[in-house]
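To start, the structure under review is shown below, and the notes come after it.
The values are calculated or read from the model by the stated rules, or taken from the named source; none is laboratory data. Please read all numbers here as calculations on a predicted model, not as lab measurements. Here Cβ is always computed from backbone atoms with ideal geometry, including for glycine, and neighbour counts include all displayed protein chains.
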Amino acid sequence: MRFICRVLVVALMLLPFQAVQAGMIGTDRAAPSVGAQAERAAVLSIASRADVAGQLQSLGLDPTTAKDRVAAMTDDEIRSLQGNLGSLPAGASSGWAWAAVIIIAVVLYYNWR
């Protein structure tokens, strides 16, 4: 019994005590905001479109897995993703346009030279 008491006393001396602080949290942290839920719904609706689902499958990602990942994102990540989706071009990539501009510039350079 003495040995157990000594072990407990030494353990209490060596193990650190953690200071616990309590404080008030705002309602924005306690419950998700309505805006975040709307943004999450918008991202989920984009992920459930047929063309997006087909593109995800071609990249090797199951659409249901993508929806699960969106559901697991934080509100800040959803807000960032929603902002990025709103700023993307609504067509094919502009790589061909830049290639055409470079080719025309090279041709004009050699013609003027």
- prompt: What are the residue pairs meeting all of these: first residue in the range 45-62, first residue closer than 18 Å to Ile78 by Cβ, second residue modelled with pLDDT of 80 or more and in a loop (DSSP other than H, G, I, E, B), Cβ atoms under 9 Å, and 6 or more apart or on different chains?
  reply: Leu56/Asp62
task: Considering only residues that are in contact (Cβ under 8 Å) with a residue 12 or more places away in the chain and among the aliphatic types (A, V, I, L, M), look in the range 63-72 and name the one that is surrounded by the fewest Cβ atoms within 10 Å (Cβ to Cβ).
output: Ala71
field: Where a residue in the range 73-88 is closer than 10 Å to Glu39 by Cβ and surrounded by 13 or more Cβ atoms within 10 Å (Cβ to Cβ) and its partner, wherever it lies, is basic (Lys, Arg) and at pLDDT 75 or above, with Cβ under 6 Å and at least six apart
entry: Ile78/Arg40
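Yes or no: the range 91-103 includes at least one residue that is under 30 Å from the mean Cα position of the chain (by Cα), under 18 Å from Ala53 (Cα atoms) and either at pLDDT 80 or above or not in a helix (DSSP H, G or I) (or both).
yes
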